[in-house]
Every structure is written in structure tokens, then in C-alpha cells.
Amino acid sequence: MIVTSAVRHAAAGTAALLFVLSAPAATASPAPPLSPGSSVEEPTPPAPRFVDPARLHRQGTQVERLPGAPSTPELSALSWVVADASSGEVLAARNAHRKLPPASTLKALFALTALPHHDPSEQHTVADSELTGIGAGSSLVGVKEGYTYKVSDLWNGVFLSSGNDAVHVLAAMNGGWDGMSGQMQEKARSLGARDTHVVSPDGYDAPGQVSSAFDLAVFGRAGLQDPAFTRYCSTPYADFPAGSWTYGIANTNRLLTGADGVARYPGLLGIKNGYTTNAGNTLISAARRGDRTLVVSVMNPQGGGGLAVYEEARELLDWGFEAAGRVEPVGSLLPGRTKAAAEAGTRAVTAGRDGGRAEEAVSVAAGGAPRAGAEAASASAEDSSGEGPSAGLPLALVGSACAAALALWAWRRRTAGRAA
């Protein structure tokens, strides 16, 4: 105990010596004078904005309006989310984590998983086996066995025509149907999307296949960070090859093309729409206005017919742009934004200010845990000696630090003398 106390006092003395001898006071350069009325203040770090992730698990509409904020629109969809695509902050939501069939909006997760694996210019000849198992009534782009397609053509088929045939071929190129389902599941978890269960990668109705408005918004936001994804999902029209000729295909997202009497939405970046008997109409949309980009997801409107999903998405986008800066976030699309992580960051800052164990503080702030091995080694050292850790090495380090401080002080005095 005496040795340990001596080590602590010696270390404190060394720190004080280094502080006092850092530079000779007589030779310090004067600071430039301040201009009249100016002052020097340490910048205040921004206060962390903790958002309780449990709020989005509540039923009903979740919104935190500030004075002057518009009211959220009254929609018929079973669930929806509107979020800032840059920050991931959820501006408002309704039943965000309700698990529902996603239909072809699940193709957004398919693209996030498979897009990086093949160059767009790569060519692939379709085998008959790659087109087996396509569900009855599926949307198709017209892929034919024996034909050769560029990968970019197949992705146009996925995004524009929602072609399940194109999905089957690309899945075969990326580990097969079951393998792709597993890859998509892993991708969803890595993004923090925990409501999604993948059974059929094309979004075709399958027992147990579900997602949520929250997860769909996560997929949409992640897709916008990939230029290739963004290019495909925002393409309104393209030519699709058919051997020696091509034919035109149009994006089935009416907000993008203005088809069927649905007005185009200004600044729309597309993403993905879907429909099945069990899922009803589903949609992930994003739009940019000025320097702000919003992403919205809408699942299964209960009124207004088959085009209601577009009009309800339009209302959410309009509301989001008007409400930006006038609402507090009610959640986040980013993974790991939990109370435990926020508290860990606070502990790390406190430990650093109090001279605590800096390495452990950094580890905890990053989401890790204190190093059990290091703690066990320390406990073992105390148990074996009965008097705490050996002080020989710390005393040697303290002595070296003192010598280095004195040498630095002498060198600076000599340098200052020559300058004078």
C-alpha cells in the first residue's frame, strides 16, 4: 500500500512538473491583442439528442410537434414512417414496428444484398433452371432462358417492372434461392431491421414473410447511399433486350412516372412499390427538396383504392418537408441508437475527465464491454502478491518521465537564450 501510494504521488508530481516546465515564462511569445468587443470562448459541444427507441414500438401515431408545426395527415394505411434520409431521424410514424407482408418492397432489401456482387456490364446467359419456381401471377419483365443479358438489364427488370423472373436469375447468380434468403436476413439484421423475416426474396406472399414500415424505411435510406441503387430506383423508363431487338419498360412507381392519373412528385427519387393479395399495396419513396431528403414507407392503405398508397405517400412527403425543423425526432433509423449506448458514451466522457481508464472508456463508448481479460489479470496479480501490483515498473516509468521533463526544460532554456 505504501509503495502504491508513492507511485501515485510521484506520478502526480511528474504531471505537475511537466505542466510548470512546459515553456519558460520569460521567453513566451505574447498573444496577439484582441479586437475591441471580441472574446475567446471554448466552443460548447452539441448536446447529444437521445431518442427513446421504445417509442416507435407503441401503437398509434407518434410525433413530437413544436409550436408552428403542421398536424400529421390522417391516413388509412395500417402503418407508415417518415424520416430524414441524411440523419436517419424519424419525424413521425404510425405503428412503425407492426409486422406485415411487404410484397415487392422487399426487393429493396434484395438489391441491397445482391447489387455489390456483380459489375453492371457483366453478361449472363439464363438457364432454364433459373426460372423455375416463379409464383403464379408474379409480375415479370420477360426474361427468357437461353438469352444473354447484362446485369444492368436484369436490375432494370427488378426495379422498373418488379420482375420476379429477373430476381430469380440474379438470386441464382448469388448463391441460389435459399442462400439469398439467408443473405438478405443477415443484411437486414446488420442494418438494425429486426422485424423482417425473409422467405421469398422477390417479396411473393409466403407463410411467415413479414417486414415493417420501420424496416422498409431503413432499406430505403440504405439504398440511397448506394449510387447504383439510386440510379436504378429513380429510372422511369428503359429498354429491355429480347435477343436481336428491345422493348420499352416503365417504372411501376406512379409517383415517378405520373401514370394512371397519379401526378408525379417533384424531386422524387423513386425506390420501390409493391402489391400482393395478402400485403395490399406497399411503397417506399424518397424525395429531395433543397438540401433535405426524406424517405417514407407506407403499408396497406385501407381505403381509396389501389392508388391510395401513392397519395398517402405524397401527403407524408409534403408534411415532412413542411414540418422539418418544427418537430423533435421520435426515433432513429440508425442501428444501435439505444439508451444503453447513450449512457455508455456519457460514462466514457466522465471517465476521461476524471482520469479514469481511458482505454476502457473508449471501448464502452464504441459499444463494447470492459476487457474481462485485463481485469482478471489485475485481480490475479493482487491475489498472488497480497500487496497489490508490483511497483518496480511504474517507479521506473515515473523516473524516466521526470528525467525527460528536466531535459525538455533545459533544452527550451538554451533555445530561448540563443533566440534572445
**OP:** Note down the net charge around Ile249, summing +1 for each Lys or Arg and -1 for each Asp or Glu among other residues with Cβ under 12 Å from its Cβ.
**Re:** -2
Original post:
Where the only charges are on Cβ atoms (+1 Lys, Arg; -1 Asp, Glu), what is the dipole of the stretch 86-138 about its Cα centre, to the nearest 20 debye?
Top reply: 520
Original post:
To the nearest Å, what is the center-to-center distance of the stretch 287-336 and the stretch 199-241, using C-alpha atoms only?
Top reply: 17
Original post:
Quick one: net charge of Ser211's neighbours, Cβ under 11 Å, K/R +1, D/E -1?
Top reply: +1
Original post:
Where does each of 220-227, 265-272 land if you order them by average Cβ count within 10 Å, highest first?
Top reply: 265-272, 220-227
Original post:
Full extension from Glu322 to Lys150: what is 0.36 nm times the residue separation minus their Cα-Cα distance, to one decimal in nm?
Top reply: 57.7 nm
Original post:
What is the Cα centroid distance between the stretch 163-191 and the stretch 76-132, reported in whole angstrom?
Top reply: 11
Original post:
Where Lys and Arg each count +1 and Asp and Glu each count -1, what net charge lies around Leu131 among other residues with Cβ under 10 Å from its Cβ?
Top reply: -3
**OP:** Report the convex hull volume per residue for the stretch 214-263, counting only C-alpha atoms, in Å³.
**Re:** 103
Subject >> Pairwise label distance in nanometres, Glu186 with Arg288, each label 7 Å out on the Cα-Cβ vector >> reply: 3.2
Original post:
Fully extended, how many nm does the chain gain between Ala54 and Ala136 (0.36 nm per residue separation, minus their Cα-Cα distance)?
Top reply: 25.6 nm
Subject >> Additional length obtainable on full extension of the chain from Ala242 to Gln123, 0.36 nm per residue less Cα span >> reply: 41.4 nm
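Bear in mind these aren't lab numbers, they're just calculated from the coordinates by the rules spelled out. Just so it is clear, the model here is predicted, and its values are computed rather than measured. Positions of Cβ are backbone-derived with ideal geometry, glycine not excepted, and every protein chain shown enters the neighbour counts.
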